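Structure, as structure tokens:
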Amino acid sequence: MMRQPSTFSELYRWHSDAMAGKNPPMHDGEPQAGYYKRRLVKKGPWVPVRIFVEREIDPETGELASDEVLCIEVEGIRKDDAADQWTYLKPISRAEFNHLTDYRLRDNRMMDPYRPIDLSEQPTPPQGVF
């Protein structure tokens, strides 16, 4: 029996529904592929998070050579378990994910995700259009 890899639309269905405003249920311990943001501390800066699927596909047959595995990157750093982060995530578009990733490099206050930001002391500079 041939094991077919999941399609892009199957993998990102939850995220697409969330971005379309359908409010799909978010079950603890059941992370879904997509683009997200979260804060690592209260009043800290938003950090970009990406959940994706790694898989090995046989180039000759097109079938899965191993299981599909959900992986997570928080601030571009790979973490062990997407389920640990899942309930803290807020879905965002890929464009917003890319913008947040870029903006964090341009604003020094955003570089330390564990330091809260007090916007009353120093307003956020214009972020530009994404």
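Every number in this text was worked out from the coordinates using simple rules, so none of it is lab data. The structure displayed is predicted, hence computed values, not measured ones. Every residue, glycine as well, gets a Cβ built from its backbone with ideal geometry; the counts of neighbours run over all protein chains shown.
Counted by neighbouring Cβ atoms within 10 Å, the residues 35, 88 run from fewest to most as 88, 35. The phi torsions of the stretch 60-74, fed into the Karplus equation with coefficients 6.51, -1.76 and 1.60 and a -60° offset, translate into couplings of 7, 9, x, 9, 5, 8, 8, 5, 7, 10, 6, 10, 9, 10, 10 Hz, rounded to whole numbers, with Gly and Pro shown as x. Ranked by how many other Cβ atoms sit within 10 Å of their own Cβ, fewest first, the residues 97, 8 fall in the order 8, 97. This ranking places 7, 87, 101 by how few other beta-carbon atoms lie within 10 Å of each, fewest first, which gives 7, 87, 101.
Taking a straight Cα-Cα cut-off under 17 Å and skipping sequence neighbours fewer than 8 places away in the same chain, the lysines within cross-link reach of residue 43 are 90. Any chance you could give the angle, 0 to 90 degrees and rounded to 10, that helix 94-106 forms with the longest Cα principal axis of the chain? So the helix axis and the longest Cα principal axis differ by about 40 degrees. Magnitude of the charge dipole for the chain, about its Cα centre and with charges confined to Cβ atoms of Lys, Arg (+1) and Asp, Glu (-1), is about 800 debye.
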